[in-house]
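Just below is one structure, and these are the notes that go with it.
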Amino acid sequence: MQIMTSPRTVFPSKSGGISSNLISQLAVLALKLRLKAQTDVTCDVTSRSADLLLRGRVGPVTVRGKGWQSGLGLTCRAIEATVDSCELDVPRLLSDQKLRLLQPALGKAMVALNAHDFSNFITHPLMKTLGDLQFVREGTSINATLGTVTFHVLKASQTFRCVLQRADNEQRRARIEVQGDDIDTALEISQNLSDFFNDLVFELDGTFLSFRDMMVTGKGEAPSVMLALSIKVHKFPSAGLQF
């Protein structure tokens, strides 16, 4: 994970060394530089002095944010991501004030999406395709009472209505029912989409997000779906990456 700051940015730390506060500030700055818009970005870094100075080890590290929007239109109402432990390249941090992971960091994340965010997610350029199925941006809705997310897909010029909800199966938490004029095709799409969401891995230039669970809630200004994700960070997304 390499986090770059601008050439003029210099953060002080105790005795010219490194601190959890320095790491937090570098992380926040890097995230803000990579987002087109945001209303809040914070990073909480926990560390012991000996682990940080001798091994470059910190953790847990938690990033929180609200109102995030990327350059290519990926959006969310809120996000909270925590990795248990990070091992940083200390010489690189001291010389260049850049954060680079020595090994992948593992953790979990929770992302809140309203209907507009969910549409942006399923139609995002980095979203994997599913054969000849095409996700439709329009017509997405979230029903907090029923605990469902409704969206649409196209297959062979036919439109199918898809209803996503949480399943009781601990291994396969997402269940999708599909409705359309062609019943056999609808059943096939239902199975394929259910597998697709349960096995989903969204890659963002070295950061991998995989689906774990979901919940629909009516709290806030509009209903939203909460996606629980596993995260594996090999490196921080490149500074010039459009996502």
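The values are calculated or read from the model by the stated rules, or taken from the named source; none is laboratory data. It should be emphasised that the depicted structure is a prediction, and the values quoted were computed from it without experimental measurement. Quick reminder, even Gly has a Cβ in these numbers, built from the backbone with ideal geometry, and neighbours come from all protein chains shown. Side chains included, ligands, DNA and RNA excluded: accessible areas come from the protein's heavy atoms. Shrake-Rupley method; radii C 1.70, N 1.55, O 1.52, S 1.80 Å.
In table form, for the structure just shown:
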read-out	value
Which numbered condition L209 misses (of (1) of a type in the set (A, V, I, L, M, F, W, C); (2) closer than 24 Å to R34 by Cβ; (3) not in a strand (DSSP E or B))	(3)
Of the criteria (1) over 22 Å from Q242 (Cα atoms); (2) polar (S, T, N, Q); (3) in contact with a helix residue (DSSP H, G or I) (Cβ under 6 Å, 6 or more places away or on another chain), which one T75 fails	(1)
Filter result (hydrophobic (A, V, I, L, M, F, W, C) and open to solvent by 30 Å² or more (accessible area, probe 1.4 Å)) within region 97-130	L102, L106, M110, L126, L130
Some residue of region 190-212 being basic (K, R) and farther than 26 Å from L72 by Cα	no
Residue in region 176-196 that is in a strand (DSSP E or B), in contact with a helix residue (DSSP H, G or I) (Cβ under 9 Å, 6 or more places away or on another chain) and under 19 Å from M110 (Cα atoms) present	no
In region 69-88, the residues that are open to solvent by 30 Å² or more (accessible area, probe 1.4 Å) and closer than 20 Å to K232 by Cα	L74, A78, I79, E80, T82, D84, S85, E87
Those residues of region 203-221 which are modelled with pLDDT of 95 or more and under 24 Å from H152 (Cα atoms), in sequence order	L209, S210, F211, R212, D213, M214, M215, V216, T217, G218
Residue count for region 214-243, restricted to those that are acidic (D, E) and buried (at least 16 other Cβ atoms within 10 Å of the Cβ)	0
Checklist (1) open to solvent by less than 30 Å² (accessible area, probe 1.4 Å); (2) without any contact (Cβ under 8 Å) to a residue 60 or more places away in the chain; (3) out of contact with any Cys (no Cβ under 9 Å at 6 or more places or on another chain) applied to S190, failing item	(3)
Residue in region 131-149 that is open to solvent by 80 Å² or more (accessible area, probe 1.4 Å), modelled with pLDDT under 95 and more than 19 Å from the chain's Cα centre (by Cα) present	yes
Residue under evaluation L113, criteria (1) more than 28 Å from T150 (Cβ to Cβ); (2) hydrophobic (A, V, I, L, M, F, W, C); (3) touching a helix residue (DSSP H, G or I) at 6+ places or on another chain (Cβ under 9 Å), criterion not met	(1)
